[in-house]
Every structure is written in C-alpha cells, then in structure tokens.
Amino acid sequence: MRERRRLRMGVLALVSLLLLGAVPLYFGLRTLSRDPVFDTLDEMDVPGWAAAKTVDNVSGSRWCFQECRVRERTLTSQRPVEETARAYQGALTGDGWQPWKVERCPEQQVKGDYTCWRRDELTLDLWVREPACVPPPIDGEPAPTALASPAAQECTGSLVSVKVRNAIDDERLRPQPSTDPSLTGEDPFPTLTEDPLGEATPSPS
C-alpha cells in the first residue's frame, strides 16, 4: 500500500510539473516566433477597407546579431491613395508615432505618398501608391500591358507598404559624408595639350 501511494504521488507530481512547465514553454515559444512589432501594427486603428491581404516578411536578427531585424508588411486598400494615406497617418499618430523629416525619405524618387516616422527605438517608412494591376504573363505569350488588360482597366484602390527598422541600424541616423568642394582636392587628371605625347620635338619617321 505504501509503495502504491508513493507511486501515485510521484505520478501526480510529474504530471503537475509537466503542466506547469508546458504553459510557460508554450507562451515563450509563441513570443519568440511572433515579432512584437507586428502585434503593434495589428493594434493600430486602421479601417478594415485599408488593411486587406496582409503579407509579412522578416529579415535579420531581433537581437541585431550581424544584422538588425527589418519588418516589412504589404497590404491592399479598397480606396484611393490620398484617403488611404490619411487613414494610416492618423492611425500612426494615434499610436504614438511622430513624423520624421529626414533626407533620403524616400531613398529615391517614387510615385505615391511616402512618409517616414519614429517612435522610441524604431523607424517606420510608409509608402502608399497605386497598384500595378497588371496580371502576370502566361507561358508562351507576351506580357500584358495596363492598357490591353481588362483587369488593369478595372483595377482600383491602392497598395500599402510598411517597413520598420531599429533606429540604431537605420543609415539615415548615421553621420553622412561631407560634400564640401574644398575637401575634394585638386583634379588628378592633367590638362591635355595639343601634343598628347608631350614631346618637345616630333619623333623621326
């Protein structure tokens, strides 16, 4: 009887330890697998018509080993660029993001509405633009154009891209090289004369 009681107590203790350890392990793995930045983006007060077909991409390390993490989210909106941009900018402001006026925002000239934002240790690039609306080419046939494709002619709405980076890894916060002309030095190329060989007398034929 004593041995049976000990065995039962041991089994109950083992089951209790497994249950107590499984719950924290489950939530720990869930936290590691899910980036909290995406959870913050999910909580933004964005209308449903402006946040359809969400696609998330992640690159780099969350702890900035070799390369810091970059989070990219692409969404589609059912309304035009201007209205969609206003909706996202209002949601970002309500969530504590501040407009960030900085050079290289964007990196190069693009169409649509492109703005940059900062909050705590993160930077965010918001790009709202018209969708491409051109279907992919079919094997053996030429690629369709926006004018020739019926799907492109009926295409409406806008495309939204959100890119979030760690501020310490954002190149726009680093000191930029000076472009002062006085620091460029002299022209290393000599002035060309009429005689490209620079000879005082012509060579004999």
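At-a-glance table
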{"read-out": "Estimated inter-spin distance, Ala52 and Thr74, nm [label 7 Å along Cα→Cβ]", "value": "1.7 nm"}
{"read-out": "Residues of type lysines that Lys101 reaches as a straight line, Cα spacing below 28 Å, ignoring anything fewer than 8 places off in the same chain", "value": "Lys111, Lys163"}
{"read-out": "Label-point gap, in nm, between Val110 and Arg174 - each point 7 angstrom along Cα→Cβ", "value": "2.1 nm"}
{"read-out": "Protein accessible area in the range 32-125, 1.4 Å probe - carbon and sulfur %", "value": "47 percent"}
{"read-out": "Sites Leu18 and Ser61 - FRET efficiency at Förster radius 41 Å, r taken between beta-carbons, to 0.05", "value": "0.80"}
{"read-out": "Overall dimensions of the range 45-135 as given by Cα atoms, namely Rg and Dmax in Å", "value": "14.2, 40"}
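The values are calculated or read from the model by the stated rules, or taken from the named source; none is laboratory data. Just so it is clear, the model here is predicted, and its values are computed rather than measured. Cβ coordinates were reconstructed from backbone atoms using ideal geometry, including for glycine residues, and neighbour counts include every protein chain displayed. Just so you know, the surface numbers come from the protein's heavy atoms only, side chains and all, with ligands and any DNA or RNA stripped out. Shrake-Rupley method; radii C 1.70, N 1.55, O 1.52, S 1.80 Å.
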